[in-house]
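Presented below is the structure to which this report refers.
The values are calculated or read from the model by the stated rules, or taken from the named source; none is laboratory data. Keep in mind that what you see is a predicted model, and the values were worked out from it rather than measured. We place every Cβ from the backbone using ideal geometry, glycine too, and count neighbours over all the protein chains shown.
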Amino acid sequence: MPMPAEHLWIPITLFAAAAQTVRNAAQKHLTASLGTLGATLVRFLYGLPFALTWLAAVALVGGHALPQPNPAFAGWLLFGAVSQIGGTAFLLRAMQERNFTLGLAYAKTEALQVAFFGALFLADPIGPGAYAAALCGTLGVMLMSPIDRERPLRALVSGWTSRAALCGLASGTCFGFSAVGYRGAALALPDTPFVMAAAFGLLLAQSVQTMLLGGWLLARTPAVVGATLRAWRSSLVVGCAGASASAGWFTAMAIEPIAHVRTLALVELFFAYLVSRKLFREKLTPLEMSGVLLLGAALVIVTLGG
């Protein structure tokens, strides 16, 4: 029995989370040779051929015509693309601080922030269950990677005014804005099938991000751009996985309110833990197990229609 169209966002989101796990693992190896910004450029630049291929497949196989962009679509898309770059920049800045783990913890508030932004800017119908799921998921993720294993909550509350924490919050805010922008762009094409709106938006967003970040690096550190071009073989893996993950995010957010999508996307932490335990035989502490249970509760709530 085929899955109802309104539930397709669930397997699509799970696919996107799995693809993002693969992308992160592949991208990690490139960071050592290309630097963080160079590895970030790889994600956009080498994702373009795959984004273009996906758009062509949607058009040819699905028989969908290319949409006619309008000012609302362009505005939302640019907002999403620039916000995503900003989120990455703030995250990198947080990682440069001495207490960077605090910044990373606050960056994980994205799921909670995006629930508020989706309701505020897009009038997404968000019920109490969705907010509860976002809150449980955020706390669960924080406990799964605590900054202070003895007093994790105290450390979070007492350190929120530090520069690292503020950069982390700003990163989560920008990534939340990015999700709003991409869903807003899809909703600005009401007569376009969601899969075409997602594929079209992804190609344009990655093109904008490649030009903006690539242009900035060319002006500031052109050697980094040259290094990314020479590393094209390994970069193609990152580009393919990154484009696959982004295709999933764009498609899921074209169907479902972003609060649901970004909360279920936290399942990526489960995938990362599975990889970690398989490769390094790591065991969970009681605190981390509490985080896993909270995250699991959040995923169940949002999947059942919270």
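Can you work out which of the residues in the stretch 34-76 that are among the β-branched types (Val, Ile, Thr) and under 17 Å from the mean Cα position of the chain (by Cα) is farthest from SER207 (Cα to Cα)? Give the derivation first.
Filtering the stretch 34-76 down to residues among the β-branched types (Val, Ile, Thr) leaves 36, 40, 42, 53, 58, 61.
Right, trim to under 17 Å from the mean Cα position of the chain (by Cα) and you get 36, 40, 42.
On the way: THR36: 19, THR40: 14, VAL42: 12 Å.
The qualifying residue farthest from SER207 (Cα to Cα) is THR36.
If you scan the stretch 96-151, which residues turn out to be at pLDDT 80 or above, assigned to a helix (DSSP H, G or I) and of a type in the set (Ser, Thr, Tyr)?
Once the filter is applied, which keeps residues that are at pLDDT 80 or above, assigned to a helix (DSSP H, G or I) and of a type in the set (Ser, Thr, Tyr), the stretch 96-151 yields TYR131, THR138.
Residues GLN20, GLN27, GLN84, GLN113: which one is of a type outside the set (Phe, Trp, Tyr), surrounded by 15 or more Cβ atoms within 10 Å (Cβ to Cβ) and touching a Lys or Arg at 6+ places or on another chain (Cβ under 8 Å)?
On the way: GLN20 fails: touching a Lys or Arg at 6+ places or on another chain (Cβ under 8 Å); GLN84 fails: touching a Lys or Arg at 6+ places or on another chain (Cβ under 8 Å); GLN113 fails: touching a Lys or Arg at 6+ places or on another chain (Cβ under 8 Å).
None of the other options fit; the residue is GLN27.
Of the conditions (1) buried (at least 21 other Cβ atoms within 10 Å of the Cβ); (2) closer than 18 Å to PHE177 by Cα, GLY47 fails just one. Which one is it?
Condition not satisfied by GLY47: (2).
Quick grid of which residues meet (1) in a helix (DSSP H, G or I); (2) in contact with a Gly (Cβ under 8 Å, 6 or more places away or on another chain); (3) of a type in the set (Gly, Ala, Ser):
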residue: PHE175; (1), (2), (3): yes, yes, no
residue: THR192; (1), (2), (3): no, no, no
residue: ALA197; (1), (2), (3): yes, no, yes
residue: GLN209; (1), (2), (3): yes, no, no
residue: LEU212; (1), (2), (3): yes, no, no
residue: TRP216; (1), (2), (3): yes, no, no
residue: ALA223; (1), (2), (3): yes, no, yes
residue: GLY226; (1), (2), (3): yes, no, yes
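Could you grab me the full set of residues in the stretch 14-33 that are at pLDDT below 85 and among the hydrophobic types (A, V, I, L, M, F, W, C)? Give the derivation first.
From the stretch 14-33, those at pLDDT below 85 are 20-33; that's our starting set.
Across the stretch 14-33, the qualifying residues are VAL22, ALA25, ALA26, LEU30, ALA32.
Does the stretch 114-126 contain any residue that is within 19 Å of the chain's Cα centre (by Cα) and closer than 22 Å to GLY242 by Cα?
yes
When you go through PRO11, PRO67, PRO49, PRO2 one by one, which is the residue that is at pLDDT 90 or above and outside any helix (DSSP H, G or I)? Quick ask: steps written out before the conclusion?
On the way: PRO11 fails: outside any helix (DSSP H, G or I); PRO49 fails: outside any helix (DSSP H, G or I); PRO2 fails: at pLDDT 90 or above.
From the options PRO11, PRO67, PRO49, PRO2, the qualifying one is PRO67.
Examine the stretch 248-262 for a residue that is buried (at least 24 other Cβ atoms within 10 Å of the Cβ) and among the charged types (D, E, K, R), and state whether such a residue exists.
yes
How about the stretch 257-306: which helices (runs of 4 or more DSSP H) wholly inside it have at least 1 residues that are at pLDDT below 70 and farther than 17 Å from ALA18 by Cα? Before the answer, list the steps.
Values: elements: 258-264, 267-280, 286-303.
Fully inside the stretch 257-306 and qualifying: 267-280.
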